[in-house]
Every structure is written in C-alpha cells, then in structure tokens.
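Student: For reference, the structure I am asking about is given below.
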Amino acid sequence: MAEKNQIPLVSVFIMGKEYKVPSGLTLMKAMEYAGYRYTRGAGCRAGFCGACATIYRLKDDYRLKSALACQTTVDDGMYLVQLPFTPANKKKYDVEKLNIAHNVILKEYPEIARCISCNSCTKVCPQELKVMDYVQASLRGDIEKAAILSFDCVQCGLCAFRCPAEITQYHVGQLARRLNGKFVAPKAMHTEEAVAKLNSGITKKEISKLKVLKLAEIKDLYKKRVTE
Amino acid sequence: MEYPYYPGCTLKTTGKKDEEAALEVAKLLGFELKELPTWTCCGVVYNLTSDVMADHLSATRTLIRAQEMGRELKTNKLVTLCSMCYNVLKQVNLMYKNNPDKLNNVNLFMDTEEDYLGNIEIMHFLEVLYNDIGPEMIKAKVKTPLTNLKVDPYYGCMLLRPKTIAFDDQDAPHVMGDILSALGAKVIENPMTVECCGAHQIITNKEAVLDCVQRIVKASQSRGADVIVTPCPLCQYNLTTGQKSLFEKGKINHQTPVIYLSELLIISLSDNNQDYLKDYKFIKDKLEERGG
Ligand code: SF4
Ligand code: SF4
Ligand code: SF4
Ligand code: SF4
Ligand code: FES
C-alpha cells in the first residue's frame, strides 16, 4: 500500500500497553485513537477545566512528568496514565464570616503547616505555578501573594497526589483567592453595577417580547443579531 | 553593607512591627536587611534524627536562596531576626559542613535548584549589631539615651544551644547586655536569662510554659526590671501571654512588658514618634519618670 503522505507513528504505552499512534496527537486524542472512550477525565479539551491530569515518564529519564492530556502531544516511548480525579476534602466555609487574620487559611486547612518545602507540587504542576510558594504564603497569611501565585490553577489535582504532607493545595489556593477577592483586592465596581442593572429588571421587557415570538421569528431575529 | 535577610513566619505575622523596627534600626546604623525574594518556613525545629533529609529541605532551600542573593550582594551572610530560625538554619548548615556526603545527597535530591555549596554564615540580628557594627558605633548614634531604664536581657535558649551554634557565652552571655548598655540602659543580671521559656509547648502543654515563665519573670521582677528584652519573637509571645495567665491566676502581682530588641533600639536611635510600637508609651513614660 502506498503510505507516502502518511503521518509517522509513535509508540505510547497507555497503562503499560503499547499502542502505535500518529505523532502530533494530543495525549487525549491518542487515547481515543487507541480505543479509549472518555466518560470522565475530559471536559473543556482546551486546557481550562483541569479534568485531564496525566502523569508520564519518558525513556531514560528518571523524572515523573505531568501534563494536561488535552494540551500535550505524544512523544515516542511515553509511558502514561491519566489521573482524572483526586480525592480531596474541601472545607465548608462561609467566606462572608471569615477575615484576613494571618492564620485564617491555617485554621481551615491546618495541614499546610505540614509542608516540608520539598517542592514536589511545583515540579508537577502542569500550569507551571509556584505551588510551594503559594502554600507557604498561605501558611504565613500572605493572602494576596497566595492568590496571585495560584491564580492560574485549573484544579487538576496533581500537586495533591505528589504532596508528602497530604495537602490539597488547590483548595488552599482557592480559599486564598476568595479571601483576596472579598477583602483585599479593590472591588470590581462594573460587576456590581451590572448586577444592580439586571436586578432592576431591564431585561424583562425584551424577554417577554421573545416569549411570544414564533420559532421562525426567533430564528430570523437570531440571524439579524448584531455581533461585536 | 547589604545583608540577605530571612524573616521567618513570625516576623511576618505576630512580629510584623518588630520587623519594621529592625529594618529601620539597620538603616540608622548604616546597613540594610534585604529580604530573600522567596523563602519557606525554616522547618520550626531542627530534627535530630541522623538520617532524615526531608525535614531539612526547607532550611536548605533558604540557604540556597541566600547563596543566590549573596552572589549579588557579595556576601556569604544570612541574617535572621528570630532565635528559632537562627537555630534551625544554623544547625542544618553546620550538619552539611560536617557531613559532605549529606550535602551531596541533598543536592542530588533537589535537582531543580543550584547546588548548595555549604558556605553560608547564619547570623542573628544581635550578632550583626555586636560583631559587625559594635556597641561603640551604636553608642555614638544614640538620640534618646535609655538612662536609668532597668532592662533585663533575656536570651532564651535557641541562640546559645547547642554549644556548636552559640555566638555568646552559653552560661553568662553578655552581647545583648553590652548593646543595651550602649543605649544607656541599666542592665540587670537575671540568673534565669538562658532558661527555656517552654517554646512550642505553648500549643500542647501550656502549664509547662507557665511554669517556665513564672520562674523567669519572678527572677526578673525581684531584681526590679522595667522591661524584659528578647531577641526572639517566640520568647516574647510566650513571656507576654504567659504573664497574662499567671497574673489572672494571681501567681504574679504585676506584668512586666516584654520587648523585642529592635523596638528598644529604635526608640533610642530615632527621634521620630514610634507609637506604632506596643510599648512605646510605656517606655517614654518610664524614661520621663526616671529623669532620663
Ligand atoms: S496548582 Fe495543583 S491543582 Fe492547580 S494546576 Fe497546579 S498541579 Fe494542578
Ligand atoms: S508537595 Fe506538599 S510538602 Fe512538598 S512543597 Fe508542596 S505543599 Fe509542601
Ligand atoms: S521557626 Fe517559626 S518563626 Fe522561624 S520560620 Fe519557622 S515557623 Fe516561622
Ligand atoms: S526562649 Fe523559648 S523561644 Fe526563645 S529560644 Fe528558648 S525556647 Fe525558644
Ligand atoms: S480537558 Fe479540560 S483541561 Fe484538559
């Protein structure tokens, strides 16, 4: 068979079994190519939801690497497995009732005091966040720093898997960001104004107009809509 | 002169004002404490188990940060304001100096950091004041002499124990007293000055801490101290909260203010109003009362 323009295949080992898949596929596509079907472990397919946490090793490298399966392409000889869920206890708190005392995060997640600064979390983070540093900032009550450093966290859970101190870093970061938003960062006035406008009922008239339209009329309206 | 500076958690939380005062004191004495750009908790206690590496990682990382900053500032010193941090960092550092194989191990393990070379020198703020600046120089910069203020320099244990890390006489330390004398204060000799305040027992065994505090404070009060001065924010915390409990229980009849070293220094070295400091008014009133 003529295979001239065919994309070269690479070997990947999914949970220990070898598959030949076209190079250039993302890990997620490669798994699907190999016959796996996602019911969990995939969400946005765009690097935002954090559902597709994956660990892998390459030949001749002792390091355990990590990736978001939807964002990383296959390499020849990759051994991989997806870890789509991290069991983690999330505290129930009412952010309205919290404050920004230096031990506020420590109270909700006392295990952060167990951090031994091994940096495993930072090394594994597929978002390349300074995870250890945001845990340490949380430990000493530097809420703003913890919030800024953890801002791009997609809650994939990989850091929590690697942590010898059994910390669930992403919940800690989330609390820091909530406290920061509530008590530290300047208020987003435009949001408040927009909410107030909505609450005043400005959309009601338009909605009631729509409600009585026929399907064809709605379709027509949709086609003629003004876009940005 | 610029020194890499490691704050530690306490100086950023309960000891925030002590830090502010210390940074200001440094400036007045012609040096600067430059905070490490990133740092982690020092590890709280030095783990004496001979074969654990994990518990030394926090301190090691800090030593590497100091090495990086030291290259820029052309110094191998790292300054702490907290006796506890001083103790942990210095012991970890010494352990590497005495065990090159352990240093090698930790460097292999921390494969994303540059190698620690083992030659950082850990100094407590007090040591910088005494060795690098000197009581004479400090004396020359005094604006408000602490004349007739009776101060009790309380060392605690973490600066002086074990012997291998002590920078002053273990049984009869004089460094803090000499500095306080330079400020014009009357230094009291308290035989309990190197007794432990109970340290982290405050969390699990408060009674034990109260016991320690009672002995220390009674000795201080019976010698007429106006204030107790400490080089350690944890001692300060224990002695302050301990006295409050003891007072409520009727075990002492008054509470002596416990002041972190930098607060007394700034009051003496600067004319500016320092009323952000918790005992500023107390000291000013005392000085007036004593005709200082
Ligand atoms: S911080 Fe943790 S949960 Fe967040 S993206 Fe990084 S590894 Fe994932
Ligand atoms: S993995 Fe855990 S113990 Fe290690 S640095 Fe991160 S939070 Fe600390
Ligand atoms: S020993 Fe205490 S003060 Fe020093 S860094 Fe660790 S927690 Fe902070
Ligand atoms: S006096 Fe207390 S806090 Fe200070 S060094 Fe000793 S035990 Fe530690
Ligand atoms: S599927 Fe959402 S981040 Fe990969």
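The values are calculated or read from the model by the stated rules, or taken from the named source; none is laboratory data. What you are looking at is a predicted structure, and each value in this text was computed from that prediction instead of being measured. Note that we place each Cβ from the backbone using ideal geometry, even for glycine, and neighbour counts take in every protein chain shown. Only protein heavy atoms, including side chains, enter the accessible area calculation; ligands, DNA and RNA are left aside. Shrake-Rupley method; radii C 1.70, N 1.55, O 1.52, S 1.80 Å.
Student: Enumerate the pairs (first residue in segment A:29-46 and within 18 Å of A:Ala67 (Cα to Cα); second residue anywhere and open to solvent by 60 Å² or more (accessible area, probe 1.4 Å) and of a type in the set (A, V, I, L, M, F, W, C)) with beta-carbon separation below 9 Å, excluding pairs fewer than 6 apart on the same chain, so at least 6 apart or on different chains.
Tutor: Taking only residues 6 or more apart or on different chains, the pairs are A:Arg40/A:Phe85; A:Gly41/A:Phe85.
Student: Now, a different point. Between a residue in segment B:22-46 that is in contact (Cβ under 8 Å) with a residue 60 or more places away in the chain and farther than 30 Å from A:Cys121 by Cβ and any residue that is part of a loop (DSSP other than H, G, I, E, B) and open to solvent by 20 Å² or more (accessible area, probe 1.4 Å), which pairs come within a Cβ distance under 7 Å, given they are 6 or more apart or on different chains?
Tutor: Note: pairs meeting the criteria are B:Leu28/B:Lys141; B:Leu29/B:Lys141; B:Phe31/B:Met1.
Student: Can I ask one more? Do you know which of the residues in segment B:182-220 that are within 14 Å of another protein chain (Cβ to nearest Cβ) and open to solvent by 70 Å² or more (accessible area, probe 1.4 Å) is farthest from ligand 3 (Cβ to nearest atom)?
Tutor: B:Thr204
Student: Test A:Val154 against the criterion of being more than 16 Å from ligand 2 (Cβ to nearest atom), surrounded by 10 or more Cβ atoms within 10 Å (Cβ to Cβ) and assigned by TED's automatic domain parsing to the domain that holds A:Asn103, and give yes or no.
Tutor: For A:Val154, the condition - more than 16 Å from ligand 2 (Cβ to nearest atom), surrounded by 10 or more Cβ atoms within 10 Å (Cβ to Cβ) and assigned by TED's automatic domain parsing to the domain that holds A:Asn103 - is met.
Student: Pick out the one residue from A:Lys145, A:Lys224, A:Lys197 that is within 16 Å of ligand 3 (Cβ to nearest atom) and either open to solvent by 70 Å² or more (accessible area, probe 1.4 Å) or not assigned by TED's automatic domain parsing to the domain that holds A:Cys49 (or both).
Tutor: Going through A:Lys145, A:Lys224, A:Lys197 in turn, the sole match is A:Lys145.
Student: Any residue in segment A:181-191 that is of a type in the set (Gly, Ala, Ser), at pLDDT below 95, exposed (fewer than 10 other Cβ atoms within 10 Å of the Cβ) and not in a helix (DSSP H, G or I)?
Tutor: No, there is no match, as no residue in segment A:181-191 is of a type in the set (Gly, Ala, Ser), at pLDDT below 95, exposed (fewer than 10 other Cβ atoms within 10 Å of the Cβ) and not in a helix (DSSP H, G or I).
Here is a yes/no grid of residues against (1) under 24 Å from A:Tyr134 (Cβ atoms); (2) within 14 Å of chain A (Cβ to nearest Cβ):
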site	(1), (2)
B:Cys41	yes, yes
B:Leu48	no, no
B:Asp51	no, no
B:Leu63	yes, yes
B:Met69	yes, no
B:Lys77	no, no
B:Cys85	yes, yes
B:Val88	yes, yes
B:Met95	no, no
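Student: For segment B:228-240, indicate whether the set of residues that are open to solvent by less than 10 Å² (accessible area, probe 1.4 Å), outside any helix (DSSP H, G or I), at pLDDT below 95 and not charged (D, E, K, R) is non-empty.
Tutor: Among the residues of segment B:228-240, at least one is open to solvent by less than 10 Å² (accessible area, probe 1.4 Å), outside any helix (DSSP H, G or I), at pLDDT below 95 and not charged (D, E, K, R), which makes the answer yes.
Student: Exactly one condition in (1) closer than 24 Å to B:Cys82 by Cβ; (2) modelled with pLDDT of 95 or more is not met by B:His254; state its number.
Tutor: That leaves (1) as the condition not met.
Student: Just checking, how many residues over segment B:143-169 are farther than 19 Å from B:Glu127 by Cα, of a type in the set (S, T, N, Q) and open to solvent by 40 Å² or more (accessible area, probe 1.4 Å)?
Tutor: Of the residues in segment B:143-169, 2 are farther than 19 Å from B:Glu127 by Cα, of a type in the set (S, T, N, Q) and open to solvent by 40 Å² or more (accessible area, probe 1.4 Å).
Student: Applying the selection to segment B:19-35, what residues are within 14 Å of chain A (Cβ to nearest Cβ) and crowded, with 19+ Cβ neighbours inside 10 Å?
Tutor: Residue satisfying the conditions is B:Glu19 alone.
Student: Sticking with this one: Looking at (1) without any contact (Cβ under 8 Å) to a residue 60 or more places away in the chain; (2) within 19 Å of the chain's Cα centre (by Cα); (3) assigned to a helix (DSSP H, G or I), which is the only condition B:Ile259 fails?
Tutor: (3)
Student: Now for a separate question. Within segment B:114-128, track down each residue that is open to solvent by less than 30 Å² (accessible area, probe 1.4 Å) and within 14 Å of another protein chain (Cβ to nearest Cβ).
Tutor: Residue satisfying the conditions is B:Tyr116 alone.
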